[in-house]
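Down below is the structure, laid out as structure tokens.
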2 protein chains.
Amino acid sequence: MKKNTLKIAGFFLISVLIFSCNNTKSTKDKSNNKNSHPKLILTAQGVKEIRAQLGSVPIFDNTLKAVKEEIDAEIAAGIETPIPKDYSGGYTHSKHKRNFVVLQKAGVLYQILNDDKYAKYVKDMLMQYEAMYKTLPLHPKTRSYARGKLFWQCLNDSNWLVYVSQAYDCIYNYLSEEERNKLETNLFRPFADHISVDSPQFYQRVHNHSTWGNAAVGMIGLVMDDDDLIQRALYGIKDQKIDKTAKDDDGGFINKDGKAGFLANIEEPFSPDGYYNEGPYYQRYAMYPFLIFAEGLHNVKPELKIFEYKEGVLLKSINALLNLTDADGEFFPLNDGQKGMSYYTAALVSAVNIAYKFGGKNPELLSIAEKQNRVVLDDTGLAIAKGIKDGLAKPFTKKSINLSDGKNGDEGGVGILRNENLELVFKYASQGSSHGHYDKLSFSLYENGNEVIQDYGLSRFVNIEQKGGGNYLKENKTWAKQSIAHNTLSVNEESHFKGKYEIGSKHHSNLYFYDDKDANVQIISATEVNAYSGTEMLRTFALIKDKDFERPITIDLFKINSPTKNQYDLPYYYLGHIMKTNFEYESYTQLETLGTKNGYQHLWKEASGKPSTDNTVFSWKNNNIFYTLTTTSNNSDDLILSRIGANDPDYNLRKDPVFIVSRKETKNTTFASIIESHGSYSPVNELALNAYSNISSIKIILDSDNYTAIQIVTKSDKIKTLIISNKDNSESKKHNIKINDKEYNWNGSYYYN
Amino acid sequence: MKKNTLKIAGFFLISVLIFSCNNTKSTKDKSNNKNSHPKLILTAQGVKEIRAQLGSVPIFDNTLKAVKEEIDAEIAAGIETPIPKDYSGGYTHSKHKRNFVVLQKAGVLYQILNDDKYAKYVKDMLMQYEAMYKTLPLHPKTRSYARGKLFWQCLNDSNWLVYVSQAYDCIYNYLSEEERNKLETNLFRPFADHISVDSPQFYQRVHNHSTWGNAAVGMIGLVMDDDDLIQRALYGIKDQKIDKTAKDDDGGFINKDGKAGFLANIEEPFSPDGYYNEGPYYQRYAMYPFLIFAEGLHNVKPELKIFEYKEGVLLKSINALLNLTDADGEFFPLNDGQKGMSYYTAALVSAVNIAYKFGGKNPELLSIAEKQNRVVLDDTGLAIAKGIKDGLAKPFTKKSINLSDGKNGDEGGVGILRNENLELVFKYASQGSSHGHYDKLSFSLYENGNEVIQDYGLSRFVNIEQKGGGNYLKENKTWAKQSIAHNTLSVNEESHFKGKYEIGSKHHSNLYFYDDKDANVQIISATEVNAYSGTEMLRTFALIKDKDFERPITIDLFKINSPTKNQYDLPYYYLGHIMKTNFEYESYTQLETLGTKNGYQHLWKEASGKPSTDNTVFSWKNNNIFYTLTTTSNNSDDLILSRIGANDPDYNLRKDPVFIVSRKETKNTTFASIIESHGSYSPVNELALNAYSNISSIKIILDSDNYTAIQIVTKSDKIKTLIISNKDNSESKKHNIKINDKEYNWNGSYYYN
């Protein structure tokens, strides 16, 4: 139920015309002391600077012009504040959503353009809300675990207050004291109370819902200079007790360890590297309240040093988030993430603007802002627009990065290996709260911003009403969260942690090593020992640029130790069209599902075969690039060509293909695989270049407790060896082993040559 | 086996640097009389002009610079003319292909740069060919119906001569008479003889293969001033008899009516509108020999007035071809067409350059050339590059167009309705030779250059060796050509003409009417009475812009008369994700094919249901636009959700979806359907706009022999009526009918209001 992007979205509009301010009224005198208004997001000093720069900073002027046109039209259309009655998408819901966006913008326009018509419009609408709210009961719709008053859930009420507190701040000085008293007494304070003390199950949590609630209460508190509200925002409701075993609508614990308040919401979900435990899609959603409230705190209560809190994690988190995007700026869809969401979304515009102004004016952020081509109409937006105008922009260069997960950075993480145009995302994080998927040690691979090996993402069509009201679909649980839906190991056709949140949320994978020092060898390795009781997994990915290959190759070593015989299914969700395999397979003339539960019921078994040699070669073409997966085979392997889409009565799933290596009746084993990107096809020239793999063979030449070594022979008989130190990866540790009479010496975690 | 694009492709390269000619040698004196050289494509006068303009026409200079760099590298690498032994893709094949491209370019560089090193290079290589060719046997590979000597098929030998005759022309004056005699006697004349008099089954046809042969013989004839060869090129081999029932490798008749020669090849396959009977993909392939030989004829034998031949059909054909592209310049994949081929291909660069120079300097062609961003290095390329430099370019505006098919324009045709960003392609043409599909009255729909309702195209991966050697796959016949693979009617699960070329090639559909006069109502209607013996079909498409709909709507009226009860299957190959249907369907937990033959064996039956009301509503989302198909239903209808991909053991087919309305046990019936494009979805804003159809109902309110009338009621209760005059569409004819007590009056083919 996190739909607020919608409301933010309209805020930033693009225009190519230059705005020039024709307003001839005299500038109002506003004192510059701490209690003058505006002070929350816009500041009195900032407004002065903005007015002085009008007409000279293109991106700022263009944004302003578009917003003015939009709000002028709204004013012309008149004010409406209907009695709440609808769910999301219904008329009253949409109208109140629209109203708070419009109020915030009108407030900003009043400050920047110094035209009373905007202040009057804000005042008139607020008075209508005041008149309605003071007798307003709970919203009539009962579906939410925390019902709001204007909206069916407190989350949306909080959205309203985060925006409206900004509008109120903008017209604060325009109002008489009597008017302010009326609004604060009958509207703002009871509103803040309803979403906090009256709804502790919503407010008193570490959760993105609560972050919105905390920000809402805190922001109106800052404007009203109400320390009680500010303290409640920062530290939660005093002396509030809550049932630690209760769960919310998404299946997550409401509050299992009793923490609450804005600072706890920064403390808990962010790792020291700025990774947010639910993943980038929800981080993007949560960024707005985190940062907009932080900006307010910075402006009004600089002594809190909020941007330095937890070693500057809020600003770090923006850098982390920008690094969690592909070449097109789209977020990797870890956990519940809808594909296509990108740093072009409004929340990231304000995040980038804030990060620039308060994070040391990193010139690389200017290139992101240039792409976004719009700014926030405040001091931060002015700063970044001026930076662009002054030609300071530098490219935002994304390199390999390893982001720890967990409050203290010790609960696994997410690593992204980058080399040339290839990006490999390796997830070895903690559960990711109620939005987590059961996909320890899973990966996805991108080239040029396109998916090569995809992560499925969520099963939901956000805000598309026809598809289950735009909410999570049942296939999110039966398919998207299951292990077999991901590019990782499923054992005995079960999901990790039996697909149970209670178990999964207790565990996390662990980094074994990450090494990006050698520009040609980007490598990461992690362990998972809890997903299947007794089964130990070590997975290593290396993205290696080697002159004997056209493009960087991806090496995937998946080592499994188990005391019992199991079935190991390792899927590769390739996208594209199969070119060729080196094995024979039977194509079925009648299709059955691959299994009956744990996601297997959603896979059609299209074809299957057995390895023809000790290497299995599977090649495909996607976006006019050829790809080949070469993997070591055992006799017991079944090679399965499958497709998503079975037991999908509402056509909620994408019918995407997968290649699965299924190894039967095996205790310890290692899957050694290489994915090559090679060649190209031009449909215009009809020319296929380098359409074949360059690998003649790969072989595991040693696989002991201490070492795993593979040897790759290229088609021109070049030999490459990769050895992983399985037990001791300390940099100082010297390793010396002999394999097939050849001696290998190295220090630390791996050897490649 | 038409792979020549490859060879042409490398010719045009893009560069952004300006070339400047540093060659200081004196310009050779060349007489300007008709027998001076060059005269074929480059002309002595043209070369003078090119030299005078060097350094001042950017696109020309850039192309020249790139070609010079390419050929200098080739000269440095040395000459190799290996003994022929390989099929396409093999070394000797590729080398000889490369050689003829290089020869042509080196000849051009010699003329433009006046540097003897290029002439010497051409001469040396030609002498090596001469030494080899005079004793060369037939190519050792035996697969072709007409084996070449340098290549496995005469087609490729012809490609060679088309290019090499240009090179020879360029260095003609550089050679001594003795050298010329040697080349002509031992190489060119026997070469021309081999592909013509020695291979009449290849040469003596109306077919794109023969066009290459005719052009090759004619072009070397023009250079050598050999009237015998020129006559043979223009009119075919004198007194040659050929078996009229013989077929070639693709299953087409070799020569069923005895016509041959270049003029016959212009005469037969082109309609007076310039439509080429095999469709745009093959027209694109055939354009190069047609136009390059025509240019040579124009230069050397202007008295032939080749560009005025058949009322200027060659130049018209370029306009037709450009109109047979979507918004991105990609050809509609009618018949055997590989998707992605576009006017960016080299053959279209020369076509557009030639059309500009010889077709009245249409400024709209300049905008195409700008997009192509390269030109031919000859007089035509100079002309178009100068036009661009002079700022004369205008947008190439594509409007609705109806292109007749057949030598005399009376064998059906292809109509393209365009309105705003929507393009509807309606095929009611003749069989299209051996590359034709059995898809009378089929259609496809595009928006913004993206497929909405797709035509499958061919089943082949051209030049991708892993997929059946890059040749036609067996699924081209079992699937891609079958009627059920297309958006048209299949009766009783059989293909049109029983899928038999012998029957299909005797028939064609007929235009009933085409009317684009009303900018808001673009409409076309055609009949087909031979596809199924005794069954008459009349299909009408209207693309209507109406203020009560967000975007133009597509109306599809398919009227069928049959004396017997039949099963009528009408598929819609939508692309995208299903949003919602208004009918219940059963999703199968085990998949079977839809049938056993005629393409049905390639379709998985995923789900099926029955209409819930007298309208069936099916909506989907593609490229973030919503689409809804609303169609009138009968009780006997089965509504089938199906997917391509069954019985596809080599994964040659794309696994695309289809929605099929299957009407059982019916004699006469009419399918009345509307496709709406509406709204949008933004994954960045997560905002779904106008996600629902605007249609409340459609109804057939009259369906007689004389008239078919439908009524559309919108959700805001607006009523729209479309009536088709089924029997008399003459413009003067006054129609006056009463339906449900309302009177309708109109003139001509249709009424809409």
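What the table shows:
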{"read-out": "Environment charge of B:Gly748, counting only residues whose C-beta is closer than 14 Å and scoring Lys/Arg +1, Asp/Glu -1", "value": "-1"}
{"read-out": "Summed residue charge, Cβ within 13 Å of B:Pro140's Cβ, Lys/Arg positive, Asp/Glu negative", "value": "+4"}
{"read-out": "Accessible heavy-atom area order of B:Arg374, B:Arg189, highest first, probe of 1.4 Å", "value": "B:Arg189, B:Arg374"}
{"read-out": "The stretch B:38-134, dipole about Cα centre (Lys/Arg Cβ +1, Asp/Glu Cβ -1), debye to the nearest 20", "value": "240"}
{"read-out": "Förster radius 22 Å - calculated FRET efficiency between B:Glu420 and B:Glu364 (Cβ-Cβ, nearest 0.05)", "value": "0.70"}
{"read-out": "Helix-only mean residue ellipticity at 222 nm for the protein assembly as shown, each DSSP H run of n ≥ 4 adding -39500 (n - 2.57), per residue, nearest 500", "value": "-9000 deg cm²/dmol"}
{"read-out": "Probe 1.4 Å, all protein chains present, accessible-area order of B:Glu420, B:Glu731, largest first", "value": "B:Glu731, B:Glu420"}
{"read-out": "Of A:Gly748, A:Leu417, A:Val684, farthest towards positive along the dipole that unit charges on Lys, Arg, Asp, Glu beta carbons give the stretch A:413-752", "value": "A:Gly748"}
{"read-out": "Positive minus negative residues near A:Asn181 (Lys, Arg vs Asp, Glu; Cβ under 14 Å)", "value": "-2"}
{"read-out": "Ascending list, in nanometres, of distances separating the A:Asn492 label from those of the other copies (7 Å, Cα toward Cβ)", "value": "5.8"}
{"read-out": "Efficiency of FRET between B:Asn492 and B:Thr596 - r from beta-carbon atoms, R0 22 angstrom, step 0.05", "value": "0.95"}
{"read-out": "Hz values of 3J(HN,Hα) by residue in the stretch A:215-224 - Karplus curve (6.51, -1.76, 1.60), Gly and Pro given as x", "value": "4, 4, 5, x, 5, 5, x, 5, 5, 7"}
{"read-out": "10 Å Cβ neighbours from other chains, averaged over peptide A:685-697", "value": "4"}
{"read-out": "Inter-copy spacing of B:Glu370 label points, which lie 7 Å from Cα along Cα→Cβ, given in nm from shortest upward", "value": "2.4"}
{"read-out": "Positive-end extreme of charge dipole, the stretch B:413-752 - chosen from B:Val462, B:Asn622, B:Tyr651 (charges on Cβ)", "value": "B:Val462"}
{"read-out": "Residue of chain A whose Cβ sits closest to the axis mapping A onto B, with distance in whole Å", "value": "A:Leu591, 2"}
{"read-out": "Shielding of A:625-633 by partner chains, average beta-carbon count, 10 Å", "value": "0"}
{"read-out": "Area accessible to solvent at A:Lys559, 1.4 Å probe radius, in Å²", "value": "20"}
{"read-out": "Length added when fully stretched, A:Asp548-A:Asp243, from 0.36 nm per residue minus Cα-Cα", "value": "103.7 nm"}
{"read-out": "Charge dipole magnitude, Cβ of K and R +1, D and E -1 - the stretch B:413-752, Cα centre, debye nearest 20", "value": "480"}
{"read-out": "Charge-dipole axis of chain B as Lys and Arg at +1 and Asp and Glu at -1 on Cβ define it, positive-most pick from B:Ala77, B:Pro58, B:Thr488", "value": "B:Ala77"}
{"read-out": "³J(HN,Hα) computed for each position of the stretch A:259-273 - Karplus, 6.51 cos²θ - 1.76 cosθ + 1.60, integer Hz, glycine/proline x", "value": "7, 6, x, 4, 5, 5, 6, 7, 4, 7, x, 8, 7, x, 7"}
{"read-out": "Label-reachable residues, the stretch A:404-438, where backbone N falls under 17 Å from a point 7 Å from A:Asp518's Cα toward its Cβ", "value": "A:417-420"}
{"read-out": "Heavy atoms of A:Tyr235: accessible area, 1.4 Å probe, square angstrom to 10", "value": "120"}
{"read-out": "Euclidean distance of C-alpha centroids, the stretch B:620-662 and the stretch B:441-470, integer Å", "value": "16"}
{"read-out": "Added length on full extension, which subtracts the Cα-Cα distance from 0.36 nm per residue, A:Tyr91 to A:Glu536", "value": "154.9 nm"}
{"read-out": "Label geometry 7 Å along the beta-carbon vector: A:Lys398 inter-copy distances in nm", "value": "3.3"}
{"read-out": "Distance between modelled label sites at B:Glu267 and B:Lys742, nm, 7 Å Cα→Cβ extension", "value": "5.4"}
{"read-out": "For B:589-596, mean number of other protein chain Cβ atoms within 10 Å", "value": "4"}
{"read-out": "Dipole in debye (nearest 20) - chain B, about Cα centre, beta carbon charges: Lys, Arg +1; Asp, Glu -1", "value": "680"}
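The values are calculated or read from the model by the stated rules, or taken from the named source; none is laboratory data. Remember, predicted model here, so these are calculated numbers, not experimental data. Quick reminder, even Gly has a Cβ in these numbers, built from the backbone with ideal geometry, and neighbours come from all protein chains shown. Ligands, DNA and RNA are stripped out before the accessible areas are found, and what is left, the full protein with its side chains, is counted by its heavy atoms. Shrake-Rupley method; radii C 1.70, N 1.55, O 1.52, S 1.80 Å.
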